[in-house]
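Presented below is the structure to which this report refers.
The values are calculated or read from the model by the stated rules, or taken from the named source; none is laboratory data. Treat the numbers as computed from the prediction; the structure is a model and nothing was measured. We place every Cβ from the backbone using ideal geometry, glycine too, and count neighbours over all the protein chains shown.
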Amino acid sequence: MLDLHDITVTVPDGEATLSILRGADLQVGAGEVVSVSGRSGSGKSTLLAIAGLLRRPQQGTVTLQGRDANAMSERERTRARRDLIGIIYQSAELFPSLSAIQQLELVAHISGSLDAAARERAGSLLGIVGLGDRRDNLPGKLSGGERQRVGVARALMNEPSILLADEPTASLDPDRGREIMELITAEARRRNLAAVVVTHDPAHRDLFDRAYDLAAGTLSSPSTGSASGTAPGSTGA
């Protein structure tokens, strides 16, 4: 469960103050996948950074799996990011000198859990995303869509409860983009994750339980995608 309530972020703007987010509310339950769309500068990356505990809001609460993130120390927030949250980046952000399998094993290594079971999980995840036969390839030997598939597998490596995706199809053609978005939404539901996908592309709205628009820092009331007709929604202030 991910619960953002009354999230407000402001930054100095000369002698004035600029509001990046204005009292945004967003609740995502286990097994739900929602999208947030908006123009560049609308605040969606800031919203995702707050959900991922990379930034603190000036106002509002962030609750992950029933835990109040505002009450966490920086060390606790780092641990929560590692253990509870998987992040899919816009351009995969793979290490050029590591093979596909090593990209996933590094996640386990950082968390101190690189053992035989972790190596087996890494291989299994690459198989699930359709890259079982490409596990030893470096990023330079993978297509854009394949690199993003590695990014999806890597985000799932530590078995998170929350999945965040930042424009995961922005650098892909429409067909590859659709494949990646279908993969993300399917795996999030199969693993019962609370998932938020930031996207500029309205073509994929049918894949989401709810679709939000963010404009001038204000999160709209959600529209319901065809993936679920009964998912509860929330509104932004």
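The number of residues in the range 203-214 being touching a residue at least 24 places away in the same chain (Cβ under 8 Å), in a helix (DSSP H, G or I) and in contact with a Gly (Cβ under 6 Å, 6 or more places away or on another chain) comes to 1. For the range 80-93, residues that are in contact with a Gly (Cβ under 7 Å, 6 or more places away or on another chain) and either aliphatic (A, V, I, L, M) or part of a helix (DSSP H, G or I) (or both) total 5.
For the range 37-51, filtering for residues that are modelled with pLDDT of 95 or more and in a strand (DSSP E or B) leaves 0. Of all residues in the range 61-84, those satisfying the criterion of being touching a residue at least 24 places away in the same chain (Cβ under 8 Å) and touching a helix residue (DSSP H, G or I) at 6+ places or on another chain (Cβ under 8 Å) are Thr61, Val62, Thr63, Leu64, Gln65, Arg77, Ala80, Arg82. In the range 2-34, of all residues being among the β-branched types (Val, Ile, Thr) and in contact (Cβ under 8 Å) with a residue 40 or more places away in the chain, the one that is nearest to Leu214 (Cα to Cα) corresponds to Ile20. Condition test on Leu4, is it in a strand (DSSP E or B), within 21 Å of Arg189 (Cβ to Cβ) and not hydroxyl-bearing (Ser, Thr, Tyr)? Answer is yes for this residue. Considering the conditions (1) part of a helix (DSSP H, G or I); (2) in contact with a strand residue (DSSP E or B) (Cβ under 9 Å, 6 or more places away or on another chain), Arg77 is excluded by exactly one of them, (2).
Scanning the range 120-143 for residues that are over 18 Å from Glu179 (Cα atoms), in contact with a helix residue (DSSP H, G or I) (Cβ under 6 Å, 6 or more places away or on another chain) and not in a helix (DSSP H, G or I) returns Arg135, Asn137. Look through the range 149-202, keep the residues that are touching a helix residue (DSSP H, G or I) at 6+ places or on another chain (Cβ under 6 Å), in a helix (DSSP H, G or I) and among the charged types (D, E, K, R), and return whichever of them is surrounded by the most Cβ atoms within 10 Å (Cβ to Cβ). The qualifying residue surrounded by the most Cβ atoms within 10 Å (Cβ to Cβ) is Arg154.
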